[in-house]
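The values are calculated or read from the model by the stated rules, or taken from the named source; none is laboratory data. What you see is a predicted model; the values in this text were computed from it and never measured. Heads up, the Cβs are rebuilt from the backbone with ideal geometry, glycines too, and the neighbour counts pull from every protein chain shown. The protein model used for the area step is the full one, side chains on, heavy atoms only, and it has no ligands, DNA or RNA in it. Shrake-Rupley method; radii C 1.70, N 1.55, O 1.52, S 1.80 Å.
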Amino acid sequence: MTIRRFTVLAILLALLVNIYMVWRGYEDHRAFPEKLEDAIRYCRMRTYHNPQYDYEVQYPAFFEQLPDSLINEPSFSQFRYWDNWVKIELNTFVLPNEDSLSTQEGMHHFALLHHADKQIRQNDTFLLSGPLYIDGSEIPDYRYHSKYVRHRNFWFVQILVYPVNCERAL
């Protein structure tokens, strides 16, 4: 009888070890930027519509939209992903083009203002990217990527703020 118990216990133990190894094998051990890249590639997109300025913005469904009641500016909206150690934000807003700047002039103005190290212009649109500065101080390991669209006397702006190690994913 003891040999029989030993055999049954050995089989149960082997079965439990196999189940654990199979379960452990399905965990995703990739680095966060790789997981983020897949999440963005395959996620459903949501659309935000600003009724005052009649513009739309698409953002990943796993981003949280900051409630409009927490924002004093009617043209501003914010979408974010915030984990224990990573924060990614997508901000949208409208700025008046009070000086009637051309797209080229606007690109130069905002590139200087935001410390852009990359600039691309296309018709009435330009893209800027660079290290993130807040109140004149560079935020280590964070960058931004922005898009400005000139329409009538306004700049429609989207700014994505992200950790440097997630740049490829975004």
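Yes or no: the range 150-168 includes at least one residue that is loosely packed, with under 14 Cβ neighbours inside 10 Å and assigned to a strand (DSSP E or B). Yes, there is a match, as at least one residue in the range 150-168 is loosely packed, with under 14 Cβ neighbours inside 10 Å and assigned to a strand (DSSP E or B). The single condition from (1) over 21 Å from PHE76 (Cα atoms); (2) open to solvent by 20 Å² or more (accessible area, probe 1.4 Å); (3) part of a strand (DSSP E or B) that LEU132 fails is (1). The residue that is surrounded by the most Cβ atoms within 10 Å (Cβ to Cβ), counting only those in the range 53-63 that are among the hydrophobic types (A, V, I, L, M, F, W, C) and within 12 Å of the chain's Cα centre (by Cα), is PHE63. Take the conditions closer than 30 Å to ALA61 by Cβ, in contact with a strand residue (DSSP E or B) (Cβ under 7 Å, 6 or more places away or on another chain) and not charged (D, E, K, R) and apply them to THR92. Does it pass? The answer is yes for THR92.
Residues in the range 136-151 that are under 23 Å from THR125 (Cβ atoms) and touching a residue at least 24 places away in the same chain (Cβ under 8 Å): ARG143, TYR144, HIS145, SER146, TYR148, VAL149, ARG150, HIS151. Close contacts from the range 158-170, counting a first residue that is over 15 Å from TRP82 (Cα atoms) and in contact (Cβ under 8 Å) with a residue 40 or more places away in the chain and a second that is among the β-branched types (Val, Ile, Thr) and part of a strand (DSSP E or B), with Cβ to Cβ under 6 Å and a gap of 6+ residues or different chains, come to GLN158/THR92.
Could you say which residue among LEU132, LEU112 is under 18 Å from VAL161 (Cβ atoms) and free of Cβ contacts under 8 Å to residues at least 60 places away in the same chain? Just a single option satisfies the conditions, and that option is LEU132. Only residues that are open to solvent by 90 Å² or more (accessible area, probe 1.4 Å), in a helix (DSSP H, G or I) and either over 9 Å from ALA169 (Cβ atoms) or in contact with a Cys (Cβ under 6 Å, 6 or more places away or on another chain) (or both) were counted in the range 27-52, giving 1. Reported count of residues in the range 69-88, each being more than 23 Å from VAL164 (Cα to Cα) and open to solvent by 80 Å² or more (accessible area, probe 1.4 Å), is 4.
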